[in-house]
Amino acid sequence: AQSVTQLGSHVSVSEGALVLLRCNYSSSVPPYLFWYVQYPNQGLQLLLKYTTGATLVKGINGFEAEFKKSETSFHLTKPSAHMSDAAEYFCAVSPSPGSSNTGKLIFGQGTTLQVKP
Amino acid sequence: DAGITQSPRHKVTETGTPVTLRCHQTENHRYMYWYRQDPGHGLRLIHYSYGVKDTDKGEVSDGYSVSRSKTEDFLLTLESATSSQTSVYFCAISESAPSGRYFFGPGTRLTVL
């Protein structure tokens, strides 16, 4: 069964510093990969996704993630943190075509990002 | 933003009572999902639907049932609510799983006393 592990339930960075949120997945075949952001008392918003093609994916708000098959990772980065980036971030996977899971998303536990002034 | 709403947005109920949550979409998307969100667990799939009257269980389906009689509505029912079902419930829709974009509703905060 697929699973997703996000390393670190809380990450704290200073404003202007690099943001790195880690995500590793387990899957017998490369899945589709997603990062979502959730602001307090709101639903989830898609930041970026990887399906096929270029392994470096750029998303909204200056975020990007790189799919590394050899490391089964999909870490999220942003060169310079902004106060407005403070939120909870979720990594998720979905089986690539050919499997039978009908597009279910499997989520990691979430990482809360704190940005200090 | 995708047209997806959830009702009610907040509900407090007592143990043992039945509860129904509604997810309504105006996008005509085929796939609909119910997730629950709990601290330290992320979002976990309860049930999902891949068409009218076509539903299947997710990883935490015990104590929940669903129905989808129309494309636009996906109902989640707690037959007899328990305190362990206190959570925030999110509905999601997708046009073309698994590569399609998923849209999430605003969530329903349910408290079972």
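Read-outs throughout are calculated quantities, based only on the coordinates presented, and are distinct from any laboratory measurement. The structure displayed is predicted, hence computed values, not measured ones. Positions of Cβ are backbone-derived with ideal geometry, glycine not excepted, and every protein chain shown enters the neighbour counts.
Compactness of region A:1-96 was expressed as the Cα radius of gyration divided by 2.2 N^0.38 Å, which yields 1.04. Remark: chain B projects, on average over all directions, an area of 6.5 nm² (convex hull of Cα atoms).
With R₀ set to 45 Å, the beta-carbon distance separating A:Met83 from B:Glu14 gives a calculated FRET efficiency near 0.65. For chain A, with a Gaussian network of springs between Cα atoms less than 10 Å apart, report the residue from A:Val13, A:Val57, A:Val29 with the top mean-square fluctuation. Largest GNM mean-square fluctuation: A:Val29. Here each label is just a point 7 Å from Cα along the line to Cβ, and for A:Thr72 and B:Glu59 those points are 1.4 nm apart. Overall, the protein assembly as shown carries a charge dipole of about 120 debye about its Cα centre when +1 sits on the Cβ of Lys and Arg and -1 on the Cβ of Asp and Glu, all other atoms neutral. With a cut-off of 15 Å between beta carbons, the residues surrounding B:Asn28 carry a summed charge of 0, where Lys and Arg count +1 and Asp and Glu -1. Between amide H atoms placed 1.01 Å from N, distances below 5 Å from B:Leu43 occur with A:Phe107, all of them 5 or more places distant or on a separate chain.
Here the residues A:Trp35, B:Trp34, ranked from fewest to most Cβ neighbours within 10 Å of their Cβ, fall in the order A:Trp35, B:Trp34.
Counting only DSSP beta bridges whose two residues both lie in the protein assembly as shown, roughly 90 percent are antiparallel. Comparing A:Ser80, A:Ser70, A:Ser12 in a Gaussian network model of chain A (Cα springs below 10 Å), the most mobile by mean-square fluctuation is A:Ser70. When Rg and the Kirkwood Rh are both derived from Cα coordinates, the Rg/Rh ratio for the protein assembly as shown amounts to 0.97. Can you list the aspartates and glutamates whose alpha carbon is less than 20 Å from that of B:Lys53, not counting same-chain residues fewer than 8 positions off? Filter leaves B:Glu27, B:Asp62, B:Glu72, B:Asp73, B:Glu79, B:Glu95. Eigenvalues of the alpha-carbon gyration tensor of region B:1-64, scaled by 5 and square-rooted, set the equivalent ellipsoid semi-axes at 21, 16, 14 angstrom, largest first.
Each label point was placed 7 Å from the Cα along the Cα-to-Cβ direction; for B:Ala2 and A:Thr52 their separation is 2.2 nm.
Taking 12 Å as the straight-line reach from the Cα of B:Lys57, none of the aspartates and glutamates fall in range once those fewer than 8 positions away in the same chain are excluded. Mean separation of Cα pairs under 8 Å and 6 or more residues apart, divided by the residue count, gives chain A a relative contact order of 37 percent. Note on A:Lys69: lysines with a C-alpha under 20 Å away, same-chain residues under 8 apart excluded, are A:Lys49, A:Lys58.
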